[in-house]
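Trainee: First, the structure itself, so that you have it in front of you.
The values are calculated or read from the model by the stated rules, or taken from the named source; none is laboratory data. What you see is a predicted model; the values in this text were computed from it and never measured. Glycine gets a Cβ as well: all are built from the backbone with ideal geometry, and neighbour counts include every protein chain shown.
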Amino acid sequence: MEKGIVTTLKYFSQFEYAPTLAELHMFHPLVASEPEMSKTLASMVKKGTILCTVEAKNSRRYTLGGYSIFLNKTVKNVRISQNKLKRVRPYLRLLQKSSLFSLVGISGSVAMGNGDESADIDLFIITKAGRMWTARALAGAAAALMGIRRGRLATTAPDKICLNMFMDETDLRVPKHKQTTFIAHEILQMKPVFSKGAIYDHFLTENAWIYELFPNTKATSLARQEHALFASNNAPSLPGLIYSGLESIHRSWQLALINRHKTTEIVTDTQLWFFPDDFERKLKG
C-alpha cells in the first residue's frame with residue numbers, strides 16, 4: 001500500500017497539491033479501505049516518509065517529504081477556490097434555468113480546491129441531445145455579457161469562465177485515446193453544479209474505465225450528485241423545430257471560427273474539447 005500512496009502523492013505534487021485521506025483513498029491504484037489506509041499513513045508520517053498537517057475538524061492533508069510548502073499552499077488555495085465559485089454563482093444559476101443544459105460541473109484546479117489567485121474557472125457541460133452548439137453559444141454569450149468569459153488569447157484569466165468541454169448527452173464516452181490517468185482524475189474531481197435527471201450517473205457509467213484505474217472510487221463518485229451545488233430543476237423549453245434551426249446556424253458559424261484557429265482541439269458533432277493550457281502534456285509518467 002505504501003508504494004501506491006507514494007505514487008499518488010507524486011502525481012498530486014505535480015499540481016503542488018496536498019491531498020486528504022479521502023482523496024488518497026479515491027486515487028490509490030489498489031483496492032483498500034479508508035481505515036486501513038489511515039493506519040498506513042500514520043505509520044509513514046511517524047517514519048518521516050511523508051508529511052502531514054491537521055486542518056479544521058481534524059482533517060489531514062499529506063505530501064511527500066521535501067514538499068512541506070504544498071501543505072500551507074493547499075489550505076490557502078481551498079479558500080481562494082471557494083471565493084471564486086461564489087463570484088460566478090449568478091452565471092451558473094442562469095445556465096441552470098435553461099433547458100439546453102443537462103449538467104454543468106466545475107473542473108480543473110478550482111474543482112480540486114487548488115485554484116490560486118490567477119486561476120480561471122473551468123466548466124464541463126453536458127447538453128441536451130442535438131443542442132450542443134446552441135448551448136455553447138448561450139453559455140459564451142452569457143459569460144461575455146457578464147464580463148467573465150476568458151478570451152481566446154488570454155495567457156491568464158483570473159476568475160474568468162473557461163468553456164473547455166462540451167458533450168451532447170447522446171455521446172458521453174471519453175474517446176479511447178483520451179482514457180488516461182489525467183482524464184480519469186478530471187472526471188472524478190469534477191464537481192457537479194447541477195445535474196438534471198440521472199445524467200451524472202449515466203456519464204459515469206459510460207466511462208466505467210475509470211474504475212479500472214481507481215477501483216476505490218465507484219461508491220464515492222456515484223453518490224456525488226447528492227452534493228451538487230444547486231438542486232435540480234426543470235426549465236421551460238422552446239419548440240424543437242425552433243431549436244433545430246438555431247442549432248444548424250450556431251454549428252455553421254462556430255465551426256468556421258474554430259477551424260480558423262484550430263490546433264489540438266477535439267471537435268465532433270457531439271463533443272468539443274478545448275484546453276488553452278493542456279496540462280496533460282506536461283505531466284511526468
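Trainee: Count, please, the residues in region 156-208 that happen to be within 20 Å of Thr134 (Cβ to Cβ) and hydroxyl-bearing (Ser, Thr, Tyr).
Mentor: Number satisfying all stated conditions: 2.
Trainee: Moving on. Working only within region 143-152, note down all residues that are under 16 Å from Asn164 (Cβ atoms), out of contact with any strand residue (DSSP E or B) (no Cβ under 6 Å at 6 or more places or on another chain) and in contact (Cβ under 8 Å) with a residue 24 or more places away in the chain.
Mentor: Arg152 - this is the single residue of region 143-152 that is under 16 Å from Asn164 (Cβ atoms), out of contact with any strand residue (DSSP E or B) (no Cβ under 6 Å at 6 or more places or on another chain) and in contact (Cβ under 8 Å) with a residue 24 or more places away in the chain.
Trainee: Please go through region 10-66 and give me each residue that is farther than 23 Å from Gly113 by Cβ, out of contact with any helix residue (DSSP H, G or I) (no Cβ under 8 Å at 6 or more places or on another chain) and not small (Gly, Ala, Ser), ordered by number.
Mentor: Answer for region 10-66, where residues must be farther than 23 Å from Gly113 by Cβ, out of contact with any helix residue (DSSP H, G or I) (no Cβ under 8 Å at 6 or more places or on another chain) and not small (Gly, Ala, Ser): Val31, Pro35, Glu36, Lys39, Lys46, Lys47.
Trainee: Shifting gears a bit: Ser99 versus (1) farther than 17 Å from Val88 by Cα; (2) among the small types (Gly, Ala, Ser); (3) at pLDDT 95 or above: which is the lone unmet condition?
Mentor: (3)
Trainee: Can you give me the number of residues within region 4-40 that are surrounded by 20 or more Cβ atoms within 10 Å (Cβ to Cβ), hydroxyl-bearing (Ser, Thr, Tyr) and touching a residue at least 24 places away in the same chain (Cβ under 8 Å)?
Mentor: Counting residues in region 4-40 that are surrounded by 20 or more Cβ atoms within 10 Å (Cβ to Cβ), hydroxyl-bearing (Ser, Thr, Tyr) and touching a residue at least 24 places away in the same chain (Cβ under 8 Å) gives 1.
Trainee: Select from region 188-212 the residues that are among the hydrophobic types (A, V, I, L, M, F, W, C) and in a helix (DSSP H, G or I) and write down the one among them that is farthest from Ser99 (Cα to Cα).
Mentor: Ile210
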